[in-house]
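To keep things clear, I will list the structure first and then write my remarks on it.
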Amino acid sequence: MSESGAPAGGRPVGELVVGILGGTGPQGRGLAVRWAAAGQRVLLGSRDADRAGEVAAAVAARATAAAGGEEVSVQGGSNADVAGAADLVVVAVPFAGHAELLAELAPALAGKVVVDCVVPMGWDELGAYVLDVEEGSVAQQAAALLPDSWVVGAFHHLSAVTLEDLSQPTLDGDVLVVGDDRAAMDLVQALAGQLPGLRGVYAGRLRNARQVEALTINLVSVNRRYKAHAGVRVTGV
Ligand SMILES: NC(=O)c1ccc[n+]([C@@H]2O[C@H](COP(=O)([O-])OP(=O)(O)OC[C@H]3O[C@@H](n4cnc5c(N)ncnc54)[C@H](OP(=O)(O)O)[C@@H]3O)[C@@H](O)[C@H]2O)c1
């Protein structure tokens, strides 16, 4: 990120509108319902604005119930509109669509914090495995495509099933945050802290995103063996 200035204008995380690209999928919906219930304003993006609107209405209803009837703010739109309108944008599309979407939205995402939770995962007869990413990691691919955005990697180790299961009001685990800009990472750590029970933990520079992304695949293996929705917890900090 070459431009000067503080990420999100230095505003506190609670004041920010969080956009989620691919927000109609389980991971986007799960993050959205938890953030909205906590009072965060959320925009859900999709390739189909109508679908985004329908999903946003359903997420808003669930978030309102989880918030004990408090008013919540969840709206849907095209990925392009969400990228333009949000203060901070989470990328939650499959790896297969990642590069194309970010290349297309690069102008709209300029000057914004972009949080990538995409995992480069493949499947074969032996189970899940890590796909090679030419840039080193998905987050580094995002940084290469978005030279005028602050790219941060986070939220890889949160299970969508657990996020969407509002019978568990409090979550359990840490969110490993990787990036190259301290202020942008602080903001994303604070955003992680908006999820009940979770904590954002600094986990190194973007060049170390590969291990964080790949660890998700070990968690998938844990989940299959133990029929669980495992996360991670860093001890000692
Ligand atoms: N599910 C989890 O537990 C979990 C946990 C950690 C990280 N993640 C990561 O989070 C991301 C989203 O996971 P998910 O399970 O929610 O995935 P998903 O359901 O497969 O995809 C999410 C949304 O992305 C959009 N999409 C699909 N293909 C696309 C393409 N080629 N280009 C642009 N948009 C496309 C779709 O929305 P529209 O059709 O409405 O556009 C879809 O609803 C993935 O990268 C995954 O690795 C998931």
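The values are calculated or read from the model by the stated rules, or taken from the named source; none is laboratory data. Source: prediction; values computed, not measured. Every residue, glycine among them, receives a Cβ derived from its backbone with ideal geometry; neighbour counts consider all protein chains shown. What goes into the accessible areas is simple: the full protein's heavy atoms, side chains included, and nothing from ligands, DNA or RNA. Shrake-Rupley method; radii C 1.70, N 1.55, O 1.52, S 1.80 Å.
Descriptive notes on the structure:
- Rg/Rh for segment 76-208, where both radii come from Cα atoms and Rh is the Kirkwood radius: 0.96
- Measuring only protein heavy atoms, the 1.4 Å probe finds S167 accessible over about 90 Å².
- Out of every Cα-Cα pair that segment 129-176 contains, those further apart than 15 angstrom amount to 60 percent.
- Our summary gives the chain a relative contact order of 19 percent, counting only alpha carbon pairs under 8 angstrom and 6 or more residues apart.
- Stokes-Einstein D in µm²/s, Kirkwood radius over Cα pairs - segment 1-112 at 20 °C with 1.002 mPa s viscosity: 153
- Area of E164 that stays accessible when all protein chains are in place (1.4 Å probe, Å², to 10): 40
- 1.4 Å probe accessible area per residue over segment 13-226, in Å²: 43
- Set against the 2.2 N^0.38 Å expectation for a compact globular protein, segment 179-234 has a Cα radius of gyration ratio of 1.29.
- Mean separation of Cα contacts under 8 Å (6+ apart) over length of segment 108-237, as relative contact order %: 27
- Along its principal axes, the chain has C-alpha extents of 44, 44, 38 angstrom, given from the largest down.
- Value of relative contact order over segment 49-161, rounded to a whole percent, pairs C-alpha under 8 Å and six or more apart: 22
- Membrane-span-like helices in the chain, defined purely by DSSP H runs whose alpha carbon atoms cover 24 Å or more axially and whose average Kyte-Doolittle hydropathy reaches 0.0, are 49-66.
- For the chain, with all protein chains in place and a probe radius of 1.4 Å, 50% of the accessible heavy-atom surface sits on carbon or sulfur.
- Distance between the modelled labels on A144 and R11, one decimal in nanometres: 3.3 nm (7 Å Cα→Cβ projection).
- For the set Y202, Y129, the ranking by accessible area, highest first and with no ligand, DNA or RNA atoms included, is Y202, Y129 under a 1.4 Å probe.
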